[in-house]
């Protein structure tokens, strides 16, 4: 695996961590902040509802595109890994055949 | 921070986040249900003393009400089927026959009867009455201004 590939995978792992943190913090933070704003009269429930819906929509769209990008990357990585494995398997087969030939030659002589 | 503590914090934040998300979803769905609900359900208004010949129109409203709603404005017009002339019924002069809470805020079954005088300049004939009402409804944390209209109320003046 080259350095660029490793960096990309580290980046994706960091992004997963960030999504995890976002999912843990934002619902509670939104609920608490909106409750305070509604009870102090700064916001009414309708405004809070539309703000929540907007935030949800933005999160959903962002997450969707991030997922597509990540899956594309994962598919490429898997494809490359399976290609490398096939190459190793073929080399093993060649080595095994060479060894067999060598053994046969030794027996004949 | 040791590993065990980290796992506990992660589990606790997951539970709190899940509960918050559930609360938000329940509040959102409840709010949508409340805003889209009618003030009166399965309700209808009819004139009970057709044909009217004593100068007083008696109305009945039957149905049910799920949320607490307070009437803020009500008016009613009668349209002559033959000429199309419009006559405004005077709600300021209404009297209650069955209930003293015609458009109060009680929930549950609604069965109200009230009467209004026939407008002075209203000639005999067949009319269609329309009633418009506006309410301020309250449910849990929610507050919403709503309106509901009843039409096709048949009225015959003799």
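List of remarks:
- Members of region B:111-144 found to be outside any loop (DSSP other than H, G, I, E, B) and within 14 Å of chain A (Cβ to nearest Cβ), listed by number: B:136, B:137, B:138, B:139, B:142, B:143, B:144
- Which listed residue is within 17 Å of residue B:28 (Cα to Cα) and outside any helix (DSSP H, G or I), from A:31, A:37, A:43, A:55: A:43
- Any chance residue A:11 is at pLDDT below 95, assigned to a helix (DSSP H, G or I), surrounded by fewer than 10 Cβ atoms within 10 Å (Cβ to Cβ) and more than 14 Å from every other protein chain (Cβ to nearest Cβ): no
The values are calculated or read from the model by the stated rules, or taken from the named source; none is laboratory data. Treat the numbers as computed from the prediction; the structure is a model and nothing was measured. Heads up, the Cβs are rebuilt from the backbone with ideal geometry, glycines too, and the neighbour counts pull from every protein chain shown.
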